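One structure below.
The values are calculated or read from the model by the stated rules, or taken from the named source; none is laboratory data. Everything numeric here is computed off the predicted structure, so don't read it as measured data. Cβ atoms come from the backbone with ideal geometry, glycine included; neighbour counts cover every protein chain shown.
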Amino acid sequence: MRASFTGRSVSRGRAVGRALLVVGRKRQFFRAEISEDRVEDEIARFKAAVAYASKQLEALIAKPPTQNAADIFDAHLLILESSTLLDGVAEVIRTDLVSAEWAVKTVTDKLVSTQRASADVHLRQKAVDIEDVSERVSNALAGGKSPLPPLPPNTVVIATELLPSTLIEFADSPPTAIITERGGWTSHTFILARESNIPAVSGIKRVTRRFDDGDLVVVDGDTGTVTFASKEEFERAVAERDGSAAAVGAVDSDESTDTGFRLYVNTDSTTKVARALEKGAVGIGLVRSEYLFPGIKGWPDEERQYRAYKAAAEAAAGREIRIRTFDFDLDQVSFGGREPEKNPALGMRAIRLGLARERNFRIQLRAILRANTEGNVSIILPMTAGVQDIKQVRNLIDDEFSRLEGIHFPKIGAMIELPSAVLVIDQILKYVDFLAVGTNDLVQYTLGVDRDDEMVADWYQSLHPAVLRSIARVIEAAKAAGKPASICGEMAGLPFYIPLLVGLGAEEFSLKLSSLAVVRRILRSLDRTQVEEIVRVVKDLDTTQAVEDALVAAYRTYWPDLLLTRT
């Protein structure tokens, strides 16, 4: 009987492919081979990373963050400068013809294995220090690393946790499927996977130890299971996939937009803008600006940003395109030389990181403004906590706008993701032109649940009464102010939630391209009287389960097909 592993379905579909392990935390990589003529260049790149890591450690030794830190970092420096590490990595690069990242991993794994097998408890504890030093070198390599090489055909990516930026880098050669240990339904990685129709399963414990590079595996994103495949099964699946390739991307037979609702599309690529409009979107509701620059750590330079934003604006052909300012955290713009944040989700990220790094933030704002020559570019501010954030950003925008010519002043919107923003929504609406309700983060922050933590997945409840009241409050306030409020995130793209959201007053949705056709069909089928009755029933219910039960009962009568789309 073949080994089978059960996890959590996070992107539907079924695929068969060859396993490829992706490792690393801040910058991910896999076993990439190099040609012989690149060996010396790769060794030089490794030595440069070691030199950079040495400077970081020397700085920490000179000004240690804690009393005993100097001794710890001094020990790390000895490991870093040891011939075992330096000569070992260089030898692996020469012998195996692999990238510096993979050579560092190979040598580290051997050293750690030796230390952990020691009878001496102190030597066993040294394994953690070796791993720490290895991570520092890998982070240094990430600083000047070129984009990841293309994935081989029919690749199933396997990782403890796959970063969204890594998946974006694979855009030109996407994986056949994804298997991870960590990551939930609402994590950015799997939102992107679903948007790209890549089957995915998460929650497989010790996943990188269960599979080796080259293993043939079956990933069933419908049931959340993974099994090993036979060679015959693999070859048959590839043949079937190649034979049906012509059917991929078939155009919806009815793409008219006569729903009475405004449907926008979210995107992470300028190439998808025109496609979204062709499929009937009224505009681009959210451009994830941080994903426009795969392989670049931190803020790209102004010209690179300007070209990307200008291309997106031109592809929109006069339709509104809303560019969200960088929504990343401190870990993505700096590496090494500091302690990681205890909780990045509550730390220096999104709009607060932009305001803290004003020079870099001004560069992005200036690049967006320069791209607004036709007046169709708007700006969205992520993780807005209240009016103070908006006033500070508007001052920067006003200042940069005054220095430019031949452009239009943009509309400015706020992402409503924090409970504080919901509570002062009337005040926020005085300073913005539109709102975007980020339902994924709104659920996370309202309920205090890390959406990527499998241990608390059961507490992540989109139908929690507090979440529904928050959404209703934002929509009601926006209507009173005469300003649009779009519903974004997973709730906007899953048919199961659409009747409820419409009953709460939603008239504008911003969703992934793959959800556009089905949401449009659902909206055409809705009767206002029915959805308003649903809201009257659920508004006073006090538990998530009670809300869900009421919806299921109503849908069984009005829209039984929606019961198949609850996840």
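Could we say that A478 is more than 21 Å from V424 (Cα to Cα) and among the aliphatic types (A, V, I, L, M) here?
Working: more than 21 Å from V424 (Cα to Cα): no; among the aliphatic types (A, V, I, L, M): yes.
So A478 fails the test.
Determine which member of the set R45, R18 is touching a residue at least 60 places away in the same chain (Cβ under 8 Å) and farther than 30 Å from P344 by Cβ.
Details: R45 fails: farther than 30 Å from P344 by Cβ.
Exactly one of R45, R18 is touching a residue at least 60 places away in the same chain (Cβ under 8 Å) and farther than 30 Å from P344 by Cβ, namely R18.
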(request) Take A414 and decide whether it is among the hydrophobic types (A, V, I, L, M, F, W, C), modelled with pLDDT of 95 or more, under 17 Å from K483 (Cα atoms) and in contact with a Gly (Cβ under 6 Å, 6 or more places away or on another chain). (result) no
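With respect to V422, is the statement that it is in the same structural domain as V377 (by TED's automatic domain parsing), of a type outside the set (F, W, Y) and either in a helix (DSSP H, G or I) or more than 29 Å from E358 (Cα to Cα) (or both) true?
So V422 passes the test.
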Test: residue in segment 154-164 that is touching a residue at least 24 places away in the same chain (Cβ under 8 Å), in a helix (DSSP H, G or I) and touching a Leu at 6+ places or on another chain (Cβ under 7 Å):
yes
Note on segment 170-183: residues surrounded by fewer than 20 Cβ atoms within 10 Å (Cβ to Cβ) and either touching an Asp or Glu at 6+ places or on another chain (Cβ under 6 Å) or not in a loop (DSSP other than H, G, I, E, B) (or both) are R182
Return a yes/no flag: does segment 100-110 have any residue that is over 16 Å from V133 (Cβ atoms) and either at pLDDT 85 or above or surrounded by 14 or more Cβ atoms within 10 Å (Cβ to Cβ) (or both).
yes
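Could you look through segment 508-529, keep only residues that are over 28 Å from P199 (Cα atoms) and crowded, with 17+ Cβ neighbours inside 10 Å, and pick out the one that is modelled with the lowest pLDDT? Steps first, please.
Of the residues in segment 508-529, the ones over 28 Å from P199 (Cα atoms) are 508, 524-529.
Those still in the list that are crowded, with 17+ Cβ neighbours inside 10 Å too: 508, 526.
Working: E508: 97, L526: 91.
The qualifying residue modelled with the lowest pLDDT is L526.
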Across (1) of a type in the set (D, E, K, R); (2) in contact with a strand residue (DSSP E or B) (Cβ under 7 Å, 6 or more places away or on another chain); (3) in a helix (DSSP H, G or I), E42 clears everything bar (2)
Considering residues that are crowded, with 18+ Cβ neighbours inside 10 Å and free of Cβ contacts under 8 Å to residues at least 12 places away in the same chain, the number found within segment 258-298 is 0
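So which residues in segment 492-518 are part of a helix (DSSP H, G or I) and under 20 Å from V474 (Cα atoms), if there are any at all?
Step one: of segment 492-518, the residues part of a helix (DSSP H, G or I) are 492-493, 495-503, 513-518.
A492, G493, Y497, I498, P499, L500, L501, V502, G503, listed by residue number.
Is it true that F409 is surrounded by fewer than 23 Cβ atoms within 10 Å (Cβ to Cβ) and assigned to a loop (DSSP other than H, G, I, E, B)? Show your work before the answer.
Numbers: surrounded by fewer than 23 Cβ atoms within 10 Å (Cβ to Cβ): yes; assigned to a loop (DSSP other than H, G, I, E, B): yes.
Criteria met by F409.
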* To do: For segment 532-543, indicate whether the set of residues that are under 12 Å from P465 (Cα atoms), surrounded by fewer than 20 Cβ atoms within 10 Å (Cβ to Cβ) and in contact with a His (Cβ under 6 Å, 6 or more places away or on another chain) is non-empty.
  => no
When restricted to A119, A140, A177, the only residue farther than 26 Å from S9 by Cα, at pLDDT 80 or above and hydrophobic (A, V, I, L, M, F, W, C) is A140
Taking first residues from segment 500-528 that are over 13 Å from I487 (Cβ atoms) and second residues anywhere that are of a type in the set (K, R), the pairs with Cβ under 6 Å that are 6 or more apart or on different chains are L516/K279
